[in-house]
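Just so you know, all these numbers are worked out from the coordinates, no wet-lab data involved. In this text, all values refer to a predicted model and were calculated from it rather than measured experimentally. Don't worry about glycine lacking a Cβ; one is built from the backbone with ideal geometry, like all the others, and counts go over all protein chains shown.
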Amino acid sequence: MHTRIIKIDENNIDIELLREAADIIKAGGLVAFPTETVYGLGANALDSKAAKRIYEAKGRPSDNPLIAHIARLEDIKAVSDDTNPNVEKLSNAFWPGPLTMIVNKNDNVPYETTGGLGTVAVRMPSNKIARKLIELSRLPIAAPSANTSGRPSPTRAEHVIEDMDGRIDMIIDGGDVGIGVESTIVDLTSDIPMILRPGAITKKMLENVLGKISLDPSLGKPMADNIKPKAPGMKYRHYAPKAELILVEGSEESVVAAINEKAEAAVKNGIKVGIIATDETKDRYNSGMVLSIGSRNSEADIAHNLYATLRSFDSENVELIYSESFSSIGLGYAIMNRLTKAAGYNTINV
Ligand code: TXA
Ligand code: MG
């Protein structure tokens, strides 16, 4: 299949061009588009065949439900009949933005979209291209991250092209995304709202609006058979580069020393090694392919660069990556959630 690639400027949207993308969605096709978190792979959320095409293009297991993206709060009625007051409270505080709410689905939403669940995930993105695309298509748009299943999520159009060229109808190149990690997911169907996936909207921010918030007990724990994550997608070895990734925890001094020692030994054994460093430490490593993920002082930079850094190692066919680890406060919690999952919980303390 030929994939058409179009460029759209978020600050000066060519409506006629974007209308062509909306027409593809209306006709049951697949369009990748930018959001403020990561690129999404969009299709009509109310069409079971379109949902199936998403799973095919991603090579994704079909029990992994999709997020329905809407452009206005009232459009949530297209997918849910709930009258949960928490929806409006959170919407007022955080929509449009990087927050996904789980509510009960209505009969319009096919089980193909929700991976067989009776609930549906809904999000109103703040990226203007995304919102205008939803408005023009007059449909809720189901969109997982636009990566091949298991690979790091795309934060640039070139990442989407790498994974999806020839597999979908259109890719909208809207430049680099802002945040770089996927939205926070909060389940509003449980007694106490529960975070299923951490993101840029933190637990504290949610608590300021709703009061008590719980965390899915499976968060931060390796997948043991007895604790099943409530967001089915969180159970897969996600976000992962092709290389083996090992997280190194400890004081800055001991981390740099340990990574230097291990990287040097691996290089001597003929292994292609990568190192995830920071602006503060990158000049202190003596071997391997060293990439700075940003400054330790900016969690926003680290989140923004995370997936692009993992993909850079893939393009260079790196086999083993050592990564520094980061603070788990604020956005740092989402960063460490993705990194530990990418590493398959392979962490060493030094
Ligand atoms: O930032 C984002 O949320 C991006 C952009 C494109 O909006 N989308 C995204 O979608 O990350 P995806 O499909 O890669 O991740 C969706 C996650 C999965 O872990 C899935 O299991 C969970 O949301 N999810 C979706 N519907 C759910 C439901 N009804 N109940 C529990 N978890 C659900
Ligand atoms: Mg994903």
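Filtering segment 149-180 down to residues that are part of a loop (DSSP other than H, G, I, E, B) and touching a Lys or Arg at 6+ places or on another chain (Cβ under 6 Å), which residue is farthest from ligand 1 (Cβ to nearest atom)?
Taking segment 149-180 and keeping what is part of a loop (DSSP other than H, G, I, E, B), we get 149-156, 165-169, 174-180.
If we keep only those that are touching a Lys or Arg at 6+ places or on another chain (Cβ under 6 Å) as well, we get 149, 152, 176.
Numbers: Ser149: 9, Pro152: 11, Asp176: 14 Å.
Across segment 149-180, the extreme among qualifying residues is Asp176.
Being within 23 Å of Arg156 (Cβ to Cβ), among the small types (Gly, Ala, Ser) and surrounded by 16 or more Cβ atoms within 10 Å (Cβ to Cβ) is the filter here, so list the residues in segment 313-350 that pass it.
Result: Ser323, Gly332, Ala334, Ala342, Ala343.
Just a yes or no: is a residue in segment 245-263 closer than 30 Å to Val290 by Cβ and within 16 Å of ligand 2 (Cβ to nearest atom)?
no
Could you pull out the residue among Ala277, Ala303, Ala263 that is crowded, with 18+ Cβ neighbours inside 10 Å and closer than 22 Å to Thr37 by Cβ? I'd like the intermediate steps shown before the answer.
On the way: Ala277 fails: closer than 22 Å to Thr37 by Cβ; Ala263 fails: closer than 22 Å to Thr37 by Cβ.
Result: Ala303 is the single residue among Ala277, Ala303, Ala263 that is crowded, with 18+ Cβ neighbours inside 10 Å and closer than 22 Å to Thr37 by Cβ.
Looking at Pro61, Pro34, Pro65 in this structure, which one is within 26 Å of Asp9 (Cβ to Cβ) and under 17 Å from the mean Cα position of the chain (by Cα)?
Values: Pro61 fails: within 26 Å of Asp9 (Cβ to Cβ); Pro65 fails: within 26 Å of Asp9 (Cβ to Cβ).
From the options Pro61, Pro34, Pro65, the qualifying one is Pro34.
If you go through segment 149-163, how many residues are away from ligand 2 (no atom under 13 Å from the Cβ) and either among the polar types (S, T, N, Q) or in contact (Cβ under 8 Å) with a residue 40 or more places away in the chain (or both)?
We begin by selecting, within segment 149-163, every residue away from ligand 2 (no atom under 13 Å from the Cβ); these are 156-158, 161-162.
Still in the running and either among the polar types (S, T, N, Q) or in contact (Cβ under 8 Å) with a residue 40 or more places away in the chain (or both): 156-157, 161-162.
The number of residues fulfilling the criteria is 4.
If you scan segment 85-116, which residues turn out to be β-branched (Val, Ile, Thr) and either within 16 Å of ligand 2 (Cβ to nearest atom) or free of Cβ contacts under 8 Å to residues at least 40 places away in the same chain (or both)?
We begin by selecting, within segment 85-116, every residue β-branched (Val, Ile, Thr); these are 87, 100, 102-103, 109, 113-114.
Thr100, Ile102, Thr113, Thr114 - these are the residues of segment 85-116 that are β-branched (Val, Ile, Thr) and either within 16 Å of ligand 2 (Cβ to nearest atom) or free of Cβ contacts under 8 Å to residues at least 40 places away in the same chain (or both).
Among residues belonging to segment 6-64 that are of a type in the set (Ser, Thr, Tyr) and outside any loop (DSSP other than H, G, I, E, B), point out the one that is surrounded by the most Cβ atoms within 10 Å (Cβ to Cβ). Steps first, answer last, please.
Within segment 6-64, the first condition is being of a type in the set (Ser, Thr, Tyr), and the residues that meet it are 35, 37, 39, 48, 55, 62.
The next check asks that each one be outside any loop (DSSP other than H, G, I, E, B); those that pass are 48, 55.
Details: Ser48: 13, Tyr55: 18.
Taking the candidates together, the pick is Tyr55.
Could you tell me how many of the residues in segment 65-76 are surrounded by 13 or more Cβ atoms within 10 Å (Cβ to Cβ) and away from ligand 2 (no atom under 14 Å from the Cβ)?
Within segment 65-76, the first condition is being surrounded by 13 or more Cβ atoms within 10 Å (Cβ to Cβ), and the residues that meet it are 65-73, 75-76.
Narrowing the set further to residues that are away from ligand 2 (no atom under 14 Å from the Cβ) leaves 68, 70-73, 75-76.
Residues that pass the stated criteria total 7.
Kindly establish whether Thr114 is over 26 Å from Asn305 (Cα atoms) and part of a loop (DSSP other than H, G, I, E, B).
Numbers: over 26 Å from Asn305 (Cα atoms): yes; part of a loop (DSSP other than H, G, I, E, B): yes.
Criteria met by Thr114.
Mind counting the residues in segment 155-169 that are within 19 Å of Glu36 (Cα to Cα) and touching a strand residue (DSSP E or B) at 6+ places or on another chain (Cβ under 7 Å)?
Start the filter on segment 155-169 by keeping residues that are within 19 Å of Glu36 (Cα to Cα), which leaves 155-161.
Next, from what is left, pick out any that are touching a strand residue (DSSP E or B) at 6+ places or on another chain (Cβ under 7 Å): 157, 160-161.
Final tally of qualifying residues: 3.
Could you tell me which residue of segment 181-199 is surrounded by the most Cβ atoms within 10 Å (Cβ to Cβ), considering only residues that are near ligand 1 (Cβ under 9 Å from one of its atoms) and small (Gly, Ala, Ser)?
Pass one, segment 181-199, residues near ligand 1 (Cβ under 9 Å from one of its atoms): 181-185, 187, 189, 196-197, 199.
Then drop every residue that is not small (Gly, Ala, Ser), which leaves 183, 199.
On the way: Ser183: 26, Gly199: 24.
Looking at the filtered set, the residue picked out is Ser183.
Before we move on, is Val109 crowded, with 24+ Cβ neighbours inside 10 Å, more than 22 Å from Gly199 (Cα to Cα) and within 10 Å of ligand 1 (Cβ to nearest atom)?
Working: crowded, with 24+ Cβ neighbours inside 10 Å: yes; more than 22 Å from Gly199 (Cα to Cα): yes; within 10 Å of ligand 1 (Cβ to nearest atom): yes.
Taking the combined requirement at face value, the residue satisfies it.
Return the residues of segment 117-148 that are within 16 Å of ligand 2 (Cβ to nearest atom) and part of a helix (DSSP H, G or I); say none if nothing qualifies.
Of everything in segment 117-148, just one residue is within 16 Å of ligand 2 (Cβ to nearest atom) and part of a helix (DSSP H, G or I), namely Ala130.
Being polar (S, T, N, Q), touching a helix residue (DSSP H, G or I) at 6+ places or on another chain (Cβ under 8 Å) and either assigned to a loop (DSSP other than H, G, I, E, B) or within 16 Å of ligand 2 (Cβ to nearest atom) (or both) is the requirement here; does Ser190 meet it?
It is false that Ser190 is polar (S, T, N, Q), touching a helix residue (DSSP H, G or I) at 6+ places or on another chain (Cβ under 8 Å) and either assigned to a loop (DSSP other than H, G, I, E, B) or within 16 Å of ligand 2 (Cβ to nearest atom) (or both).
Here are the criteria: (1) out of contact with any Phe, Trp or Tyr (no Cβ under 7 Å at 6 or more places or on another chain); (2) hydrophobic (A, V, I, L, M, F, W, C); (3) in contact (Cβ under 8 Å) with a residue 24 or more places away in the chain. Tell me which single one Ala32 does not satisfy.
So the condition that Ala32 fails would be (1).
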